[in-house]
Amino acid sequence: MTRPDTVPADAAAAVLQLARADIRAMDPYRHASADRSLIRLHANESPWPPVTATIGAAEALNHYPPPQPPALLEALARAWGITPAQILVGRGSDEGIDLLTRAFCAAGQDSVVISTPTFGMYSVAARIQGASILDVPLLADQGFALDLPGIRRALDKGPKILWLCSPNNPTGNALSSADIEAVLAAASGRAVVVVDEAYVEFTGETPWTLAVARYPHLVTLRTMSKAHGLAGARLGALIAHPDIIGLLRRIVPPYAVAGPTLEAALAALTPAALTVTTERIGQLLRERERLAAALSRSAQVRRVLPSDANFLLVQFDDAGAALQKLRDAGVLVRDFRGHPGLGEALRLTVGTPPQNDLMIRSLT
């Protein structure tokens, strides 16, 4: 993937025409000013912090946080090599999925494309919004690759959003860059293409985040839940052309990032913290390969799927028996039996070396 150029303004404007007309025309909620230099007697806040507050930012908890915190946008932009104007932050990637679906899909009229098996929130958000779902299953016999002819046929039905997950959850494989390029070419002027990169830090590949300036209809999703260890903080980001970000700011909740989440995210994005995160990613990748090799030798295991993420999808002769053995050992994994194309499969998150040793002893 080459370093992106700048998208022409008319191309970006054309993408906005795919969005709902009523969303484009609506007036956003006017939140209270975030000017911290003034005494805040304008937002009906308590003048005192909560009695039970113990975190470092306790004095600010009685105040609403900035709607889209500039310091956080700038820190993420530095970390990802993009601009703050390309970023919208919210409560995990799930909020980005919801916002896109509501902004581009009119209930009872529009549709989205998904490729199962994949992350379930794409279809959940569509159903909540009343959008129909066009499923173009991944090609299980080709390593869960995209079905490009099937996607082109689906595009002929006029969907507004095409969801791609790379690395894909639950299969773990990164989608081919050439295939994603082909989808972007086919969808140009027709649909928004969203590449969910929740696990991209574990791939070593160039994120599609860097390509949003080249493709006006490309949106990527990033999260601090996985590599940065902030799943409990609920901090995700949507990266897109500034015009799309501006559209979504009309409907995002006015205070989408809580104060403690902001504090935790900024701490995780300091140079010292990022150094530790990089070291942990390296250890996790080594453990992923060790765990995969050990399970591949197990008589209970039919196949360990190649993974570019922080988990392994493992197919067993009897997944129910394997699930029970892990439960008896005090280990909880995700059951994917019954999902089309997966068979007797369990998804195992790569843990610490002792946690992985426990899984290996239980399954070998």
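The values are calculated or read from the model by the stated rules, or taken from the named source; none is laboratory data. It should be emphasised that the depicted structure is a prediction, and the values quoted were computed from it without experimental measurement. Here the Cβ is made from the backbone with ideal geometry for all residues, glycine too, and neighbour counts use every protein chain on show.
Take the residues in segment 120-146 that are part of a helix (DSSP H, G or I) and of a type in the set (S, T, N, Q); name whichever of them is nearest to THR101 (Cα to Cα). Result: GLN129. Within segment 197-219, the set of residues being assigned to a loop (DSSP other than H, G, I, E, B) and either within 15 Å of ALA178 (Cα to Cα) or not charged (D, E, K, R) (or both) comprises ALA198, TYR199, THR203, GLY204, GLU205, THR206, PRO207, VAL212, ALA213, TYR215, PRO216, HIS217. Against the test of being among the aliphatic types (A, V, I, L, M), buried (at least 24 other Cβ atoms within 10 Å of the Cβ) and free of Cβ contacts under 8 Å to residues at least 60 places away in the same chain, the options LEU164, LEU221 yield a single qualifying residue, LEU164.
Confirm whether ARG302 is in contact (Cβ under 8 Å) with a residue 24 or more places away in the chain, under 15 Å from ARG361 (Cβ atoms) and either surrounded by 13 or more Cβ atoms within 10 Å (Cβ to Cβ) or out of contact with any Asp or Glu (no Cβ under 8 Å at 6 or more places or on another chain) (or both). Against the criterion (in contact (Cβ under 8 Å) with a residue 24 or more places away in the chain, under 15 Å from ARG361 (Cβ atoms) and either surrounded by 13 or more Cβ atoms within 10 Å (Cβ to Cβ) or out of contact with any Asp or Glu (no Cβ under 8 Å at 6 or more places or on another chain) (or both)), ARG302 does not qualify.
Scan segment 123-176 for residues that are within 21 Å of the chain's Cα centre (by Cα) and on the phi > 0 side of the Ramachandran plot and the total you get is 2. Taking segment 225-267 as the region of interest, how many residues are part of a helix (DSSP H, G or I) and touching a Ser or Thr at 6+ places or on another chain (Cβ under 7 Å)? Counting residues in segment 225-267 that are part of a helix (DSSP H, G or I) and touching a Ser or Thr at 6+ places or on another chain (Cβ under 7 Å) gives 2. Taking THR6 as meeting all but one of (1) out of contact with any helix residue (DSSP H, G or I) (no Cβ under 7 Å at 6 or more places or on another chain); (2) closer than 28 Å to ILE180 by Cα; (3) modelled with pLDDT of 85 or more; (4) surrounded by fewer than 15 Cβ atoms within 10 Å (Cβ to Cβ), write down the number of the exception. If we test THR6 against (1) out of contact with any helix residue (DSSP H, G or I) (no Cβ under 7 Å at 6 or more places or on another chain); (2) closer than 28 Å to ILE180 by Cα; (3) modelled with pLDDT of 85 or more; (4) surrounded by fewer than 15 Cβ atoms within 10 Å (Cβ to Cβ), just (3) comes out false. When segment 29-59 is filtered for residues that are touching a Phe, Trp or Tyr at 6+ places or on another chain (Cβ under 8 Å) and modelled with pLDDT under 80, the ones remaining, listed by number, are HIS31, ALA32, ALA34. Condition check for VAL350 on (1) among the aliphatic types (A, V, I, L, M); (2) crowded, with 19+ Cβ neighbours inside 10 Å; (3) more than 24 Å from ALA174 (Cβ to Cβ): one failure, at (3). Among residues that are of a type outside the set (S, T, N, Q), out of contact with any Ser or Thr (no Cβ under 6 Å at 6 or more places or on another chain) and buried (at least 20 other Cβ atoms within 10 Å of the Cβ), PHE311 is not included. THR275 meets all of the listed conditions (1) more than 30 Å from THR364 (Cα to Cα); (2) surrounded by 14 or more Cβ atoms within 10 Å (Cβ to Cβ); (3) at pLDDT 95 or above but one, namely (2). Here PRO50 does not qualify as part of a loop (DSSP other than H, G, I, E, B) and either out of contact with any Leu (no Cβ under 8 Å at 6 or more places or on another chain) or closer than 20 Å to GLY158 by Cβ (or both).
If you check ALA213, ALA227 for being in contact with a His (Cβ under 8 Å, 6 or more places away or on another chain), of a type in the set (A, V, I, L, M, F, W, C) and in contact (Cβ under 8 Å) with a residue 40 or more places away in the chain, only one passes: ALA213.
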